[in-house]
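Sharing a structure, written as structure tokens. Questions coming.
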Amino acid sequence: MAEQRKSFPFSEFEPKWQGHWESKKTFSVPNPGEPGFDASKPKFYVLDMFPYPSGSGLHVGHPEGYTATDIITRYRRMKGDNVLHPMGWDAFGLPAEEHARKTGEHPRINTENNVNNFRGQLKRLGFAYDWDREVNTTDPDYVRWTQWIFLQLYHSYYDETTQKARPISELEAKGLSRDEIDAKRLAYVAEAPVNWCPDLGTVLANEEVEEWRSKGHTVERRPLKQWMLRITAYAQRLIDELDGLNWPEGIKLLQKNWIGRSEGAEVDFSIGGEKVTVFTTRPDTLFGATYMVLAPEHPLVDKITTTAQKEAVEAYRKACSAKSDLERTELAKEKSGVFTGGTATNPVNGEEIPVWIADYVMMSYGTGAIMAVPAHDERDFEFAKQYGIPVIEVVKAPEGNTETCFTGNGTAIHSGFLDGLSTPEAKAKIIAWLGEKGLGKKTINFKLRDWLFSRQRYWGEPFPIIWKDGRHEAIAESELPLLAPELEDYKPSGSPEPILSKATAWVDLGNGVTRETNTMPQWAGSCWYYLRYCDARNTDRFMSREAEDYWLGKNGKPGGVDLYVGGTEHAVLHLLYARFWHKVLFDLGHVGTPEPFQKLVNQGLILGEDGQKMSKSRGNVVNPDDVVAEYGADSLRLYEMFMGPLEQVKPWSMKGVEGVYRFLARVWRLVMESNQEDVWVLNAKLAEVDPDKATDKVVHATIKKVGEDIEDMSFNTAISQMMVCTNELTKLEQVPVSSVLLLLKALNPFAPHLTEELNATLAASFASVDKTDLANQPWPAYDPAKLIEDEVEIVVQVNGKVRDKMFVANGAPNEEVEKLALASDKVKSFIEGLTVRKVIVVPGRLVNVVAN
RNA sequence: GUCGGCGUGGCGGAAUGGUAGACGCAGCGGACUUAAAAUCCGCUUGGAGCGAUCCAGUGCGGGUUCGAGUCCCGCCGCCGACACCA
């Protein structure tokens, strides 16, 4: 290919137009109050999930979503919107630091190189980003506001009555003690069992463990003092407020399940005078409780264990603590547990039931203790069977049930005053009864845990916190950003002591005052970057009120960003964390919308040619740079969109790239042809003539379909329609310039370089052609009158099977169409000997003759 | 195990309940060329037939309907997420 002549000179005009857009700032969009801002235009905020600038550069998965949003951006601009379409870098993170550890080079250098590489790659794809708004989470200017937001969390608590974050100062005014206040902050310190990874020298969030483990690192459980964010306070709102969002239902469900709301009751049992509270979703089965289980870590275990059982209990607890959560579930095939020797009193009937510890009960969920009802809970049933514990049936299953352990709704039996009640009635009654006696209450529990927010690494935002007399304290906002000091080396110490503690001069502020040495996780920067884009260079505030009001508001919807496109891998964590931060900022009055992202679309994974996930080890990775070099950026863009529906998983095909490349070459040759000297000259077939009816029809049908398909994000079918249109125009002896121009406008959002080049060429040769860049021209309107045919083809069916086709005048009355159909020889031959029962006419489409 | 998504030619994929397979790839035939590449034209779901045509066909089995890839019920398979959450 290298020596072979290209089908069109993309390598010349693509860089040319990219330079043109950059120097003319074609896609820069001013903010309210800035020169050139047009308040009369509607706003549209199109956002890509910004990349982590890895050392290996862009892969073909990136341009998939980016091209989709780029097409929307260019289309909406042509439709007259003010479009905000920015790009930036999620540049903190472990790999840069691992690189620093190996090479001794500061992570900033490595990150900068990678960012430059990524930016260059994106620019070579011709994306319509407003590069003036580029953000980088590692920039001091950005870190400053990430830390500022952290301080907002630190200085706030969640007010249960109003269900809103409020300033800590309100608690101070109420006279709460320092300890009471610290226990309520949205950002707080807690001793928690965490996932410690010795080789990385950091603690990982539960969600991150699997990723690093699969990369060969070991992760162990340890109790450590950590910063936590009180996301659980927002659990209910994070579920409820999904309702107003235009997200895929599957993703909403994923988030709801992750948050894991369940309604039930807390019930107090007593163990030798000591109160133990259990959580259950089935308080109606209280009479069927035949034993109790405490989590091995439960604080009461020591108190209740009898001397005889002490040894067994200790051994079991030790074995459990060595296991991570993951191992606990991996080994979940078989239940295990140990009897403590103690018994608990069931509050409904005074029965004494044995108390066990077992690792199928988690300390971190509910109260860390359960009442076990083996007759109606599969886990309890399994456990009871294994240890020979009695099973008492207290819910009668409906007729026909065959399960040995019935967990559904039925009728209460053997349950005293609940007998005869349906499960929901029994639940309500027992809860009321427990309430009266002060033995329990209705409770809602969530699976969601608070967010472990500290890391022990270097390449992240330091906490804007100092320690004085064993207490934490925020530094002043005026001291932000607080940047990490330079270090001699970046090796983790192997102990959970954060790397920053090596910088003793930075840490030690004298008089026993020290800096917090933990850093924030990578999620921090990505939690609010979409806000910073609105006003990326603001030095006074994370964004101005005016910018916030314009770009995130104005359309009465809960979400500020109009369209957010990215991979499903962020379906839960990133999107949940960002929603949480956004809600805190909303509660405190810093943003005006309750949700960050109104519409969410997940692009599907692109597989290698072999149908396998792309990976270096499989050798099936496609590098976008190679594709651009061989076929051009427009071909890559177009192929990414032509492969199939955006949200679908689909394999790459170089032959497919060639296909769209050939299509673009055909478009090129509509305008250009090569002369005897092999020089591209204007195609002699072009003429400023009126198109014939058929040509008009296909061109206008194309404008209509492409516009509709872009709005539906059905880019593949839009492209196929443009192929049809191009094929029709190619066939013509005389090609009307006006028709070609309309095609170029429709194609412009997809293949901006080629179409701008051809438009400029046409403008230079034909007086009727507007010299304005297509990017700055309006989207063409189609003429519905041109889509109407004089005659339409009607399908004639007999008993639902196609037997004939005929042309009838458009708008012919049904009776006439029916008559024509029945007159068809083919129809006659198929209904011979049968009685026509019914004739169905679908105007303009078909006739179905029903006969038997 | 639970939840979600998907099953259509050799391949990627199109089809408001109304002609299944648009468009592209691959393949076959032809034109141009000394030849090839590029380009252009035609064919291309399977089966039967010289042919006009006919029969079958959207994972499998039922159902609703004049008519089902599309709607309903029950299975099977693949992919993804979660996974003892009381």
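Got a number for residues in the stretch A:16-41 being in contact with an Asp or Glu (Cβ under 9 Å, 6 or more places away or on another chain) and either more than 30 Å from A:A760 (Cα to Cα) or at pLDDT 95 or above (or both)?
14
Turning to a different aspect of this structure: Which count do you get for residues in the stretch A:117-153 that are aromatic (F, W, Y) and either in contact with a Leu (Cβ under 7 Å, 6 or more places away or on another chain) or part of a loop (DSSP other than H, G, I, E, B) (or both)?
4
Let me ask something else. Residues of the stretch A:1-52 being open to solvent by 20 Å² or more (accessible area, probe 1.4 Å), among the acidic types (D, E) and more than 16 Å from RNA strand B (Cβ to nearest atom), which ones?
Within the stretch A:1-52, A:E12, A:E22, A:E34, A:D38 meet the criteria.
Looking only at the stretch A:598-605, decide whether some residue is closer than 20 Å to A:H570 by Cα, in contact with a strand residue (DSSP E or B) (Cβ under 6 Å, 6 or more places away or on another chain), within 15 Å of RNA strand B (Cβ to nearest atom) and β-branched (V, I, T).
Looking for residues that are closer than 20 Å to A:H570 by Cα, in contact with a strand residue (DSSP E or B) (Cβ under 6 Å, 6 or more places away or on another chain), within 15 Å of RNA strand B (Cβ to nearest atom) and β-branched (V, I, T), one finds at least one in the stretch A:598-605, hence yes.
I'd like to verify a number: residues in the stretch A:338-355 that are part of a strand (DSSP E or B) and at negative phi, how many?
Summing the residues that are part of a strand (DSSP E or B) and at negative phi in the stretch A:338-355 gives 11.
Whether any residue in the stretch A:601-613 is more than 24 Å from A:P248 (Cα to Cα), in contact with an Asp or Glu (Cβ under 8 Å, 6 or more places away or on another chain) and surrounded by fewer than 23 Cβ atoms within 10 Å (Cβ to Cβ) is what I want to check.
The answer is no; no qualifying residue exists.
Within the stretch A:787-810, is there a residue that is assigned to a helix (DSSP H, G or I), small (G, A, S) and on the phi < 0 side of the Ramachandran plot?
Checked the stretch A:787-810: no residue is assigned to a helix (DSSP H, G or I), small (G, A, S) and on the phi < 0 side of the Ramachandran plot.
Note down all Cβ pairs under 7 Å where the first residue falls in the stretch A:776-804 and is without any contact (Cβ under 8 Å) to a residue 12 or more places away in the chain, the second is surrounded by 12 or more Cβ atoms within 10 Å (Cβ to Cβ) and part of a strand (DSSP E or B), and they're at least six residues apart or on different chains.
From the stretch A:776-804, the pairs are A:V802/A:V795.
Based on what the data block shows, is A:G88 in the same structural domain as A:K43 (by TED's automatic domain parsing) and touching a strand residue (DSSP E or B) at 6+ places or on another chain (Cβ under 7 Å)?
When the stated conditions are applied, A:G88 passes them.
Scan the stretch A:162-170 and give yes if some residue there is acidic (D, E), more than 19 Å from A:W523 (Cβ to Cβ) and open to solvent by 20 Å² or more (accessible area, probe 1.4 Å), otherwise no.
Yes, some residue in the stretch A:162-170 is acidic (D, E), more than 19 Å from A:W523 (Cβ to Cβ) and open to solvent by 20 Å² or more (accessible area, probe 1.4 Å).
Now, a different point. What do you reckon, is A:E436 of a type outside the set (G, A, S), outside any helix (DSSP H, G or I), exposed (fewer than 13 other Cβ atoms within 10 Å of the Cβ) and without any contact (Cβ under 8 Å) to a residue 40 or more places away in the chain?
When the stated conditions are applied, A:E436 does not pass them.
When residues of the stretch A:826-849 are filtered for being free of Cβ contacts under 8 Å to residues at least 24 places away in the same chain, under 29 Å from A:I788 (Cα atoms) and out of contact with any Asp or Glu (no Cβ under 8 Å at 6 or more places or on another chain), how many remain?
The total comes to 2.
I would also like to ask the following. All but one of (1) in contact with a helix residue (DSSP H, G or I) (Cβ under 7 Å, 6 or more places away or on another chain); (2) within 9 Å of RNA strand B (Cβ to nearest atom); (3) more than 27 Å from A:L84 (Cα to Cα) hold for A:Y631; which doesn't?
Only one criterion is unmet by A:Y631, namely (2).
Across the stretch A:504-522, what is the total count of residues that are surrounded by fewer than 18 Cβ atoms within 10 Å (Cβ to Cβ) and in a loop (DSSP other than H, G, I, E, B)?
Of the residues in the stretch A:504-522, 5 are surrounded by fewer than 18 Cβ atoms within 10 Å (Cβ to Cβ) and in a loop (DSSP other than H, G, I, E, B).
Among the residues of the stretch A:756-773, how many are outside any loop (DSSP other than H, G, I, E, B) and without any contact (Cβ under 8 Å) to a residue 40 or more places away in the chain?
Residues flagged as outside any loop (DSSP other than H, G, I, E, B) and without any contact (Cβ under 8 Å) to a residue 40 or more places away in the chain within the stretch A:756-773 amount to 4.
Still on this structure: Please give the strands (runs of 3 or more DSSP E) falling wholly within the stretch A:197-294 in which 1 or more residues are within 11 Å of RNA strand B (Cβ to nearest atom) and over 30 Å from A:P594 (Cα atoms).
A:261-271, A:274-280, A:291-294
Would you check if there is a residue in the stretch A:635-650 being more than 8 Å from RNA strand B (Cβ to nearest atom), open to solvent by less than 10 Å² (accessible area, probe 1.4 Å), over 27 Å from the mean Cα position of the chain (by Cα) and modelled with pLDDT of 95 or more?
yes
So, in the stretch A:356-398, how many residues would count as being away from RNA strand B (no atom under 15 Å from the Cβ) and assigned to a strand (DSSP E or B)?
1
So for the stretch A:286-293 (the condition being in contact with a strand residue (DSSP E or B) (Cβ under 8 Å, 6 or more places away or on another chain) and either loosely packed, with under 14 Cβ neighbours inside 10 Å or under 29 Å from A:R455 (Cα atoms) (or both)), does at least one residue qualify?
The answer is no, given that none of the residues of the stretch A:286-293 is in contact with a strand residue (DSSP E or B) (Cβ under 8 Å, 6 or more places away or on another chain) and either loosely packed, with under 14 Cβ neighbours inside 10 Å or under 29 Å from A:R455 (Cα atoms) (or both).
In the stretch A:673-694, is there at least one residue being in a helix (DSSP H, G or I) and in the same structural domain as A:S765 (by TED's automatic domain parsing)?
Scanning the stretch A:673-694 turns up at least one residue that is in a helix (DSSP H, G or I) and in the same structural domain as A:S765 (by TED's automatic domain parsing).
Please verify whether A:A823 is away from RNA strand B (no atom under 13 Å from the Cβ) and surrounded by 15 or more Cβ atoms within 10 Å (Cβ to Cβ), treating the condition exactly as stated.
no
Among the residues of the stretch A:685-696, what is the count of those that are open to solvent by 70 Å² or more (accessible area, probe 1.4 Å) and more than 19 Å from A:E757 (Cβ to Cβ)?
5
The values are calculated or read from the model by the stated rules, or taken from the named source; none is laboratory data. Predicted model only: the values in this text are computed from it and were never measured. With ideal geometry, Cβ positions are generated from the backbone for all residues, glycine too; neighbour counts draw on all protein chains shown. All accessible areas refer to the heavy atoms of the entire protein, side chains included, with ligands and DNA or RNA removed. Shrake-Rupley method; radii C 1.70, N 1.55, O 1.52, S 1.80 Å.
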